[in-house]
Amino acid sequence: MRAYIAGVGSYTPDKILNNFDFEKIVDTSDEWIRTRSGIQERHIAADNQATSDLAFFAAKRALKSAGVKSKNLSAIVVGTATPDMPFPSTACLLQKRLGAPSIFAFDISAGCTGFLYALGIAENFVMNNYDNVLVIGADTLTRITDYTDRTTCVLFGDAAGAVVLKKGNSASGILASHFASDGSSWQLLHQPAGGSRMPPSHETVDQRLHVIKMQGNEVFKLAVRAMCDAAVITLKKANVSASQLKLLIPHQANIRIIEASAKRLHLPMDRVLVNLDRYGNTSTASIPLALDEAVRTGRVEKDDLVLMVAFGAGFTWGGVLFRY
Ligand code: UT7
């Protein structure tokens, strides 16, 4: 028996900012953003949209594609770094809005690896008699983006992606996974204020401490190494070689990180899903958003082997290998 992805869905808000829009906001250029990150445009949540609103639409689409009704869900796990509010969890807000019964629902925080962590947790529930688990990656990073900082503001977009995980006895399903973390370099990517260490105050707002702080080039090096490690270890656990993969779905942070990872795995880029040109870095949403695109465009078909790898704040990283 295995946990398998029975349905997938995603949602991106309507508003789009392209690189030329950023030329009017900070000292940057379309050429710099495209060549250094690979991003051309990103979707931005409307003023009245919070993370749970994006997640709701992605969840509805995933439930429809799985043919599962919300009343038959047994758990909701949301990976997010930008919940609607510190508490209650975004998952609880979704339980109510989706009309699910009084099932258990919770958020997990693992930076951009949040969706894969959530999937790993959900797999364990599914294999222990909780069928139909809704797993979501949803973030509105643009709400904590500093639009005066050119080194970060051009990178992020908002989105949500969701899958329904079920238990089945076919060859399809999750074959192996690997998760890791190392908190020793946490300062390289963090949001300083708003938590218990630095509660909100006029000073924290004046000093712009409620926004993403990132030392991009340091994060870059760690990301390539960690995503490759995650890929190699996950593949090894299932005794599968990279050459057998139909598709690699990496976290979409930077095209150069993706290309370097693919090169180290000896994978040609036509077997790597890239959509960050249209969405930027959508944090926990990036992998389910890319998976949804892969399924809808036929790049992933039944029985294909797919490897998802991510890296994010913490630092956290991980890989999940499945047969679709
Ligand atoms: O999702 C979680 C994980 N996050 C990531 O994986 C992000 C990893 N990092 C990156 O994607 C890249 O490091 C960035 C895209 C953020 C930056 O690219 P980089 O090639 O590492 O640039 P850099 O930070 O080394 O900066 C090079 C130069 C600097 O100027 P000087 O000091 O050489 O004069 C920056 O000030 O580029 C400058 N720069 C910019 N110039 C124009 C930085 N941002 C911009 C910008 N427009 N938007």
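So how far, in whole Å, is the C-alpha centre of segment 229-271 from the one of segment 1-74?
Segment 229-271 and segment 1-74 have Cα centres spaced 22 Å from each other.
What list of ³J(HN,Hα) couplings, whole Hz, do you get for segment 141-147 from phi and the Karplus terms 6.51, -1.76, 1.60, once you set θ to phi - 60° and write x for glycine and proline?
4, 5, 6, 10, 9, 8, 7
Using a basic spin-label model with each label point 7 Å from the Cα along Cα→Cβ, how many nm lie between D149 and H190?
1.3
Would you be so kind as to identify all helices of the chain, as entire DSSP H runs, whose Cα atoms reach 20 Å or more along the helix's own axis and whose mean Kyte-Doolittle hydropathy is at least -1.0?
Span-like helices, by this rule, are 51-66, 216-237.
Extension gain H266-N128, at 0.36 nm per residue separation less the Cα-Cα distance, in nm?
Additional length available on full extension: 46.0 nm.
Write down the percent of antiparallel bridges among all DSSP beta bridges whose residues are both part of the chain, to the nearest 5.
The antiparallel fraction comes to roughly 70 percent.
Given H placed 1.01 Å from N in the peptide plane, which residues other than close sequence neighbours of F156 have an amide H under 5 Å from its amide H?
Hits under the 5 Å cutoff: N281.
In nanometres, what is the gap between the two model label sites at N275 and W32, each 7 Å from Cα along Cα-to-Cβ?
Placing both labels 7 Å beyond Cα along the Cβ direction yields 2.9 nm.
Please give every one of the lysines within straight-line cross-link reach of K69, meaning a C-alpha to C-alpha distance under 17 Å, and leave out same-chain neighbours fewer than 8 residues apart.
Hits, sequence-local ones excluded: K60, K96, K166, K167.
Segment 231-324: which trypsin sites (Lys or Arg not before Pro) are DSSP loop and have at most 16 other beta-carbon atoms within 10 angstrom?
Here the sparse-neighbourhood loop sites are K246, K302.
Using 0.36 nm per residue, how much length does the chain from Q215 to K64 gain when fully extended, once their Cα-Cα distance is taken away?
Extra length from Q215 to K64 when fully extended: 50.3 nm.
Determine, for segment 174-323, the count of lysine pairs separated by eight or more sequence positions (or lying on different chains) whose alpha-carbon distance falls under 20 Å.
Here the count comes out as 7.
Given R₀ = 25 Å, what would the calculated FRET efficiency be for R197 paired with F87, taking r from the Cβ atoms and rounding to 0.05?
Given R0 = 25 Å and the Cβ-Cβ separation, E is 0.90.
Given charges of +1 on the Cβ of Lys and Arg and -1 on the Cβ of Asp and Glu, with all other atoms neutral, how large is the dipole of segment 174-323 about its Cα centre, in debye to the nearest 20?
In debye, rounded to 20, segment 174-323 gives about 320.
Before rounding to the nearest 500, sum -39500 (n - 2.57) across all DSSP H runs of length at least 4 in the chain and divide by the residue total; then give [θ] at 222 nm in deg cm²/dmol.
Helix-only estimate at 222 nm: -9500 deg cm²/dmol.
Collect residues whose amide H, placed 1.01 Å from N in the peptide plane, falls under 5 Å from the amide H of D84; neighbours closer than 5 in sequence don't count.
T51, S52, T90
No value in this document is a laboratory result; all are computed from the given coordinates. Please read all numbers here as calculations on a predicted model, not as lab measurements. No Cβ is skipped: glycine too gets one built from the backbone with ideal geometry, and neighbour counts run over all protein chains shown.
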